[in-house]
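Q: Sharing a structure, written as structure tokens. Questions coming.
The values are calculated or read from the model by the stated rules, or taken from the named source; none is laboratory data. None of these values were measured; they are calculated from a predicted model. As a convention, Cβ positions derive from the backbone with ideal geometry for all residues, glycine included, and neighbour counts pool all protein chains shown.
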Amino acid sequence: MLALSLLAGTLAAEPPSPPLSPEISRFVVANSEFTLLHEMGHMLIAELDLPVLGREEDAADQLAIMILFLFRDDLPEEEFDAKMLAIVDYWRLESQRPRRAEERVPAWASHALDEQRFYNITCLVYGSDTQRLDWLPRVAGLPMERALYCDQEYQQARKALDWIRHNNRRVAIQRRPRLQIVYDPPPDNRADEQLVTQIRQGGLEELARRVSQVFTPPRTLTLWVTACGSPDAWYNRDEAVLTLCYERLRHFRELAETLPPQRRPGPELECVATSEPPAGGMLKQPEC
């Protein structure tokens with residue numbers, strides 16, 4: 001009985017999770033912010049009745065990236081570049097990740113293929129400053145045939161965001177931004193609580209509040225962090241609830257752990273290919 005008691009005590013006293021490295025923490029926070037802003041893009045389209053040409057999912061991706069640029073002055077230039085590279089890296093890894101048949105995005109779906117989202121997002125980031133970010137096409141694997149026009153794509157997206165802000169400003173002063181944030185108990189207390197701590201310290205809640213202040217939706221928005229059973233996130237326009245799943249935070253951490261240990265932005269970036277291109281070989285690997 002004494003031995004069993006000691007064993008039970010040993011199992012109950014689980015060691016604390018090791019702290020996340022700065023690179024993994026940045027990856028998790030950056031991609032949590034992008035996911036949040038993508039879903040807030042859907043929220044803005046619905047709540048502000050924005051006109052959309054093309055797929056709404058593509059528009060939400062563009063809104064997410066452009067809103068990040070809207071607040072870029074909050075970070076030193078090098079740290080902001082590292083954040084954007086973490087988002088580019090996520091979509092590169094996601095497009096290369098082997099998937100079961102039921103996980104694959106079909107061509108008829110409302111979302112673009114992950115490979116297309118990777119190229120579209122990388123192009124917007126590069127197009128924001130093609131001279132300062134001249135290393136990005138080589139590092140990310142963006143073909144120059146696409147890179148040549150990325151500055152125009154960025155300017156189109158910037159013009160659209162400016163239009164939204166200008167046309168919403170007249171009615172925004174009559175609204176009071178409202179945002180409530182709800183955290184359900186995490187399924188895996190130690191690991192999930194660590195991830196929540198990282199995104200809160202990284203400024204996810206403050207980012208959500210600032211977006212609600214700038215664009216002032218007409219009704220209260222709820223950000224709900226909960227367990228969903230899959231690495232997902234979505235916006236429910238009927239209830240004005242944006243759901244971010246604990247499983248998605250874990251997925252970010254798992255993908256971050258596959259990155260080269262010395263990956264950092266800049267012309268001197270140490271480049272290590274981490275996986276083979278997908279079937280068809282369309283996704284070019286960085287030239288290492």
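Q: Quick check on my filter: what residues within region 168-193 are part of a helix (DSSP H, G or I) and at pLDDT 85 or above? It would help to see each step written out before you state the result.
A: The first filter runs over region 168-193 and keeps only residues part of a helix (DSSP H, G or I), leaving 168-172, 189-193.
Of everything in region 168-193, those that are part of a helix (DSSP H, G or I) and at pLDDT 85 or above turn out to be ASP192, GLU193.
Q: Between GLU39, GLU78, which is closer than 18 Å to TRP234 by Cα and not basic (Lys, Arg)? Steps first, please.
A: Working: GLU78 fails: closer than 18 Å to TRP234 by Cα.
On inspection, the qualifying residue turns out to be GLU39.
Q: To continue, here is another question. For GLU145, work out the one condition from (1) modelled with pLDDT of 90 or more; (2) assigned to a loop (DSSP other than H, G, I, E, B) it doesn't fulfil.
A: Evaluating GLU145 over (1) modelled with pLDDT of 90 or more; (2) assigned to a loop (DSSP other than H, G, I, E, B) leaves (2) as the failure.
Q: State all residues of region 106-140 that are within 18 Å of the chain's Cα centre (by Cα) and not in a helix (DSSP H, G or I); if no residue qualifies, say none.
A: HIS111, ALA112, LEU113, SER128
Q: Determine if region 77-93 includes at least one residue that is in a loop (DSSP other than H, G, I, E, B) and either touching a helix residue (DSSP H, G or I) at 6+ places or on another chain (Cβ under 9 Å) or closer than 16 Å to LEU255 by Cα (or both). Before the answer, list the steps.
A: As a first pass, look at region 77-93 and keep what is in a loop (DSSP other than H, G, I, E, B): none.
No.
Q: Go through (1) of a type in the set (Val, Ile, Thr); (2) surrounded by fewer than 16 Cβ atoms within 10 Å (Cβ to Cβ); (3) touching a residue at least 40 places away in the same chain (Cβ under 8 Å) and name the single condition THR130 misses.
A: (3)
Q: If you don't mind, another one. Using beta carbons and a limit of 7 Å, which pairs, at least six apart or on different chains, have the first residue in region 57-84 and closer than 12 Å to MET40 by Cα and the second one of a type in the set (Ser, Thr, Tyr)?
A: GLU57/SER110
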